[in-house]
Amino acid sequence: MKVTNQFVLFFGNNDICSNFFLCNITYNGHRFTSSEQLFMYLKAKFFKDEEVAEEIYKGKSPREAKALGRMIKKYDDKAWNAERDNIMLTALSAKFDSFPQFRRFLEEHKDKTFVEASPYDNIWGIKLPENHPDALNPSKWRGENRLGKCINKLIELKL
């Protein structure tokens, strides 16, 4: 994680803002091991794929949840693109509500822009690593930073 006066850049299993960070999240009486697992579970539920939802719920890792999320039957890009940010906000809200220390972290950095500095992801991240010189210049980002935007939206709604 890299924190500047303007940004909180995060990526990887060790950063609390990452969906792959392992933590016990409770949502509607169910326990999840990461916000990625919850997000993919909710994605499967959105498409009414109970079989994949159950496999995701029983899964052991965020990577497994992500892979299973790609196997959802009746997946539709248009429907998903319209709903994915709302579902991500639900998963993030459950995560940050589950841990007071996570919520405090958001409060401490509420005036900064959160950035998923994933060098691989051009939808949820910026497709640049945190130490790349362009990572501090939003006009040069190669991705949408949807996860960062969702975290900033969560801060706006909750703090």
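Annotations for the structure displayed:
- Any hit, region 127-148, residues being under 11 Å from the mean Cα position of the chain (by Cα), assigned to a helix (DSSP H, G or I) and either within 15 Å of residue 8 (Cβ to Cβ) or among the hydroxyl-bearing types (Ser, Thr, Tyr) (or both): yes
- Residue match in region 57-66 (condition: open to solvent by 20 Å² or more (accessible area, probe 1.4 Å), within 15 Å of residue 147 (Cα to Cα) and without any contact (Cβ under 8 Å) to a residue 40 or more places away in the chain): yes
- Among the residues of this structure, residue 46 does not count as one that is touching a residue at least 12 places away in the same chain (Cβ under 8 Å), of a type outside the set (D, E, K, R), surrounded by fewer than 17 Cβ atoms within 10 Å (Cβ to Cβ) and within 20 Å of residue 150 (Cβ to Cβ).
- Residues in region 1-40 that are in contact with a helix residue (DSSP H, G or I) (Cβ under 6 Å, 6 or more places away or on another chain), open to solvent by 20 Å² or more (accessible area, probe 1.4 Å) and of a type in the set (Phe, Trp, Tyr): 20, 27.
- Within region 1-43, if we keep just the residues that are out of contact with any Leu (no Cβ under 8 Å at 6 or more places or on another chain) and hydroxyl-bearing (Ser, Thr, Tyr), the residue that is farthest from residue 95 (Cα to Cα) turns out to be 41.
- Selection count, region 81-105, where residues are closer than 10 Å to residue 151 by Cβ and open to solvent by 10 Å² or more (accessible area, probe 1.4 Å): 1
- Some residue of region 146-155 being open to solvent by 80 Å² or more (accessible area, probe 1.4 Å) and free of Cβ contacts under 8 Å to residues at least 24 places away in the same chain: no
- Within region 122-138, not a single residue is under 15 Å from residue 5 (Cα atoms), touching a helix residue (DSSP H, G or I) at 6+ places or on another chain (Cβ under 6 Å) and open to solvent by less than 70 Å² (accessible area, probe 1.4 Å).
The values are calculated or read from the model by the stated rules, or taken from the named source; none is laboratory data. Model, not experiment: these values are computed from the prediction. All Cβ positions, even for glycine, are placed from backbone atoms using ideal geometry, and neighbour counts span all protein chains on display. To get the accessible areas, we keep the full protein, side chains included, count just its heavy atoms, and leave off ligands, DNA and RNA. Shrake-Rupley method; radii C 1.70, N 1.55, O 1.52, S 1.80 Å.
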